[in-house]
Protein chains: 2
Amino acid sequence: MIRHIVLFTWKDDATDEQRAAVTAELGELPGVIPQLRAFTVGGDAGINQGNHDYAVVADFDNVDDYLIYRDHPRHQAVIAEHIRPILASRAAVQLKL
Amino acid sequence: MIRHIVLFTWKDDATDEQRAAVTAELGELPGVIPQLRAFTVGGDAGINQGNHDYAVVADFDNVDDYLIYRDHPRHQAVIAEHIRPILASRAAVQLKL
């Protein structure tokens, strides 16, 4: 299994509507990318200070399936239209489990 | 459910032994912190450039259980003795699912 993990911080001027659109748009991906075995996304719960703002955890059967997701036009469109415009920083890891 | 996600980068001079010790020591935590419902840890798979070096994903039934883990002496000891000495940067999010 491959677990893809990415954390974002948003620009200070990112609006609530822009932040919510990321979740709405990402939420469409499991319907169009069947290689997604599990997909959890959302904003930080606010328990600790100094955290990043947003997380995506996506599980795949293997590296090839992850690459299909990574490079999928619909995923790339979400990144280009909804994530990148409000992105301040990004941290990612792929785990082989 | 609470999903705790943290990504680390290690200092350039972190040895293979130090990196491996993080996984070995974290691997002991499910045996001593029963609030851990799921626990996946490990080094980046090397698929993409620019990634962080290491990931921890820990699932809990609720915030109180997460806080028990966060503040547990055994967990704090792993951070103090094995993570902090080689830590370059850290990114974290807690998701409420």
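Read-outs: derived from the displayed coordinates by stated rules, not from any lab. As the structure is a computational prediction, the values presented were derived from the model and not from experiment. As a convention, Cβ positions derive from the backbone with ideal geometry for all residues, glycine included, and neighbour counts pool all protein chains shown.
Just a few scattered comments:
- Per-residue average of Cβ from other chains inside 10 Å of A:57-65: 1
- Here's how it looks for B:Tyr54: its modeled amide H is under 5 Å from those of B:Phe8, B:Asp44, which are all 5 or more places away or on a different chain.
- Inter-copy separations for B:Thr15, label at 7 Å along Cα-Cβ, nm, ascending: 5.5
- Residue of chain B nearest the B-to-A rotation axis [by Cβ], rounded angstrom distance: B:Ala91, 2
- Gyration tensor (alpha-carbon) shape descriptor, segment A:8-68, a/c threshold 1.5: prolate
- Dipole of chain B, positive direction: furthest Cα of B:Pro73, B:Gln35, B:Val93, with charges on the beta-carbon: B:Val93
- Calculated FRET efficiency for the pair A:Asp13/B:Ile79, C-beta based, R₀ 45 Å, to 0.05: 0.85
- Between helix A:16-26 and chain A: long-axis angle, C-alpha atoms, 0 to 90°, nearest 10: 0
- Each label was represented as a point 7 Å from its Cα along the Cα-to-Cβ direction; for B:Lys96 and B:Ala24 these points are 4.0 nm apart.
- Three-way shape label, the protein assembly as shown, alpha-carbon gyration tensor, a/c 1.5: prolate
- The mean sequence distance of close C-alpha pairs (under 8 Å, at least 6 residues apart), as a share of the length of chain A, puts its relative contact order at 51 percent.
- Estimated vicinal HN-Hα couplings, Hz - segment A:45-58 in sequence order (Karplus 6.51, -1.76, 1.60; Gly, Pro = x): 6, x, 6, 10, 7, x, 6, 5, 8, 8, 9, 10, 10, 10
- Inter-chain Cβ neighbour count for B:83-95, averaged per residue, equals 5 (cutoff 10 Å, partner chain atoms only).
- Partners of B:Lys11 within straight-line reach, counting lysines whose Cα lies under 19 Å from its Cα and excluding those fewer than 8 residues away in the same chain: none found.
- Distances in nm from B:Lys96 to the matching label points in the other copies, shortest first (labels 7 Å along Cα to Cβ): 3.8
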